[in-house]
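The values are calculated or read from the model by the stated rules, or taken from the named source; none is laboratory data. Keep in mind that what you see is a predicted model, and the values were worked out from it rather than measured. Cβ placement follows ideal geometry from the backbone for every residue including glycine, while neighbour counts extend to all protein chains displayed.
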Amino acid sequence: MELHPIIETARDLQPLISQHLEEGERRARLAPEVVAAVGEAGLFRLFAPREVGGLEVSLPVALAVTEIVGAADAAVGWYMINSMRPSLATAHVPEPERAELYAEPNRNFGNSPLPGGKAVPVEGGYRVSGQWPLVTGCEDAKWCGLGGIVMAGDAPRQVNGRPDIRYFFIPTAELDIEPTWQDSAAMRGTGSNAASVQEVFVPEALAIGASTPLLIDRPVFRQPPSLLFFPIGVAIAFGVLENALEREVDDLGSKVSSFSGQSMRDQAPIQELIANSDAALRAARAGHVEAMTAVWDVAQTGEEVPLRLRAQVYASSYYAVDVIRDTISRLYARGTRAAFQQGHPVERALRNLHAIGFGLEAGRMFQHSAGRVLMGGEPLVPVF
């Protein structure tokens, strides 16, 4: 894999991120020290254009960095991938408006691509109203990228036979943020509160649709956002399981069963549990990294990524999520009873991995289309 300095930077940040993990969960929002350090390091700009100080890292590097950060705190990894989708969209934004989006380049973006808004065309842009129930990192962001549908009267406007779905950049100051995340049980540090707007003007330049021209034509920006966002989010799950497995190995390796008096390390069921968990992590990660590396290799040539390779990426993404979630569930059920205590790394991993799986579930149709493509059919998802 490419050796990029941002990988070592991410490792150097792990102690600080871990130090403030519990504070982030208490606040239901990342600690200011973490947001500042991660932003200054450039981790919110992994896919931002170089013209605004972005890193434009390769897909394998993005996977590695996301896993490293996710191992320290899944919530920070979630902040990172939620800044990727808006960063990619800025390659469609003209230079003056793009500079405005990055006036404070270390800030994260809030993000919710679900079309919770309705946009009415007006001179120079749109009037947007809507509600988005989960907008990760919105309180720390200066700008949020929010999905919406352009309306023609009471019905969605059609473009090439499909609803005109746009991604709107809206200043956070224009949002009404409802603090709904304080009572969440998982991924509490993400601050994924609800947000709404009423009749906010968004200029045409900040309303990105399927037909909006690409103004920065380089490999990472040519790919469908879904081919990057969901697959890279899976790397957070790798990091979460890696951290939990390391703690479970430490716990079980030093404990003696209160029932048999035998060392837990010498019990065959425990040996099998740890061996299978380690193998599941390595196998799921290896297959996924292989597929994403192949995508990047093709993207570098300027050619379009073949449908079959895209299908392999989506297939490995959801296979990995399912395997990792099942693996942590077995570790929780069959490992040390210390994991039943709230805040134990395995208990936290159980909560967070189910939440990560739920967050990625919105794209499950890509897995279904992947199976169809691998059997010689066409994908049913338009943006496959």
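Quick look at the values:
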| item | result |
| --- | --- |
| Looking only at segment 156-181, and only at residues there that are of a type in the set (Val, Ile, Thr) and within 22 Å of the chain's Cα centre (by Cα), the one that is nearest to Arg29 (Cα to Cα) | Thr180 |
| Residue, farthest from Gly209 (Cα to Cα), within segment 105-120, restricted to residues that are part of a strand (DSSP E or B) and in contact (Cβ under 8 Å) with a residue 40 or more places away in the chain | Gly110 |
| Some residue of segment 347-355 being assigned to a loop (DSSP other than H, G, I, E, B) and farther than 27 Å from Arg166 by Cα | no |
| Selected residue [outside the structural domain of Ala74 (by TED's automatic domain parsing), under 30 Å from Ser263 (Cα atoms), of a type in the set (D, E, K, R) and free of Cβ contacts under 8 Å to residues at least 24 places away in the same chain] from Arg325, Arg337 | Arg337 |
| Single condition Ser211 does not satisfy, out of (1) in contact with a helix residue (DSSP H, G or I) (Cβ under 7 Å, 6 or more places away or on another chain); (2) surrounded by fewer than 22 Cβ atoms within 10 Å (Cβ to Cβ) | (1) |
| Ala10 vs. criteria free of Cβ contacts under 8 Å to residues at least 40 places away in the same chain, small (Gly, Ala, Ser) and not in a loop (DSSP other than H, G, I, E, B) | no |
| Identity of the residue in segment 153-164, of a type outside the set (D, E, K, R) and in a loop (DSSP other than H, G, I, E, B), that ends up modelled with the highest pLDDT | Gly153 |
| Test: residue in segment 45-68 that is farther than 29 Å from Ala299 by Cα, outside the structural domain of Ala244 (by TED's automatic domain parsing), hydrophobic (A, V, I, L, M, F, W, C) and crowded, with 18+ Cβ neighbours inside 10 Å | no |
| Scope segment 182-205; condition more than 18 Å from Leu146 (Cα to Cα) and under 21 Å from the mean Cα position of the chain (by Cα); matching residues | Gln182, Ser184, Ala185, Ala186, Met187, Arg188, Gly189 |
| Residues located in segment 123-140, provided they are closer than 25 Å to Gly153 by Cα, crowded, with 20+ Cβ neighbours inside 10 Å and in contact with a helix residue (DSSP H, G or I) (Cβ under 9 Å, 6 or more places away or on another chain) | Tyr126 |
| Counted residues, segment 121-145 - those being closer than 20 Å to Val76 by Cα and part of a strand (DSSP E or B) | 7 |
| Verdict on Ala280 being over 30 Å from Asp217 (Cβ atoms), in contact with a helix residue (DSSP H, G or I) (Cβ under 8 Å, 6 or more places away or on another chain) and not polar (S, T, N, Q) | yes |
| Verdict on Arg85 being surrounded by fewer than 24 Cβ atoms within 10 Å (Cβ to Cβ), within 24 Å of Leu227 (Cα to Cα) and either at pLDDT 95 or above or within 19 Å of the chain's Cα centre (by Cα) (or both) | yes |
| Which listed residue is in a strand (DSSP E or B) and at pLDDT 95 or above, from Val150, Val234, Val240 | Val150 |
| Pick from segment 13-46, criterion in a helix (DSSP H, G or I) and of a type in the set (Gly, Ala, Ser), ranking: farthest from Ala64 (Cα to Cα) | Gly24 |
